[in-house]
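Working notes, beginning with the structure itself.
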Amino acid sequence: MADPRAGAGVRDSGAAGDHGGVHCVDVRTALSARIDGEEPPPGVTAAAVEAHLRGCAECRDWGERARRLRLLAAGLD
Ligand SMILES: [Zn+2]
């Protein structure tokens, strides 16, 4: 019997929005929590987030914007 994974030819699923084994929405939740000084969602490790960010420019941009907004909000407080 063939390994079901054989022939796929990819380690990553290649699905859009899924880099480093975590999905964009989970990464953004974790980034938001980090910015707010809260615990990341269970199962979303810092290493997984970093791996995702390396492969996903959209989440890098999102994280930058979130950080900037947070700073702005803090300044306006
Ligand atoms: Zn992403």
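Check whether at least one residue in the stretch 18-33 is exposed (fewer than 11 other Cβ atoms within 10 Å of the Cβ) and without any contact (Cβ under 8 Å) to a residue 40 or more places away in the chain, and report yes or no. Give the steps one after another, and end with the answer.
Initially, the stretch 18-33 is screened for residues exposed (fewer than 11 other Cβ atoms within 10 Å of the Cβ), giving none.
Checked the stretch 18-33: no residue is exposed (fewer than 11 other Cβ atoms within 10 Å of the Cβ) and without any contact (Cβ under 8 Å) to a residue 40 or more places away in the chain.
No other residue among G7, G20 is at pLDDT below 90 and within 12 Å of the ligand (Cβ to nearest atom) apart from G20.
Restricting the stretch 34-55 to residues that are surrounded by 12 or more Cβ atoms within 10 Å (Cβ to Cβ) and at pLDDT below 90, the residue that is nearest to R67 (Cα to Cα) is P40.
The values are calculated or read from the model by the stated rules, or taken from the named source; none is laboratory data. Only a predicted model underlies this, so the values are computations on that prediction, with no experimental measurement involved. Note: ideal-geometry Cβ built from the backbone for every residue, glycine included; neighbour counts use all protein chains shown.
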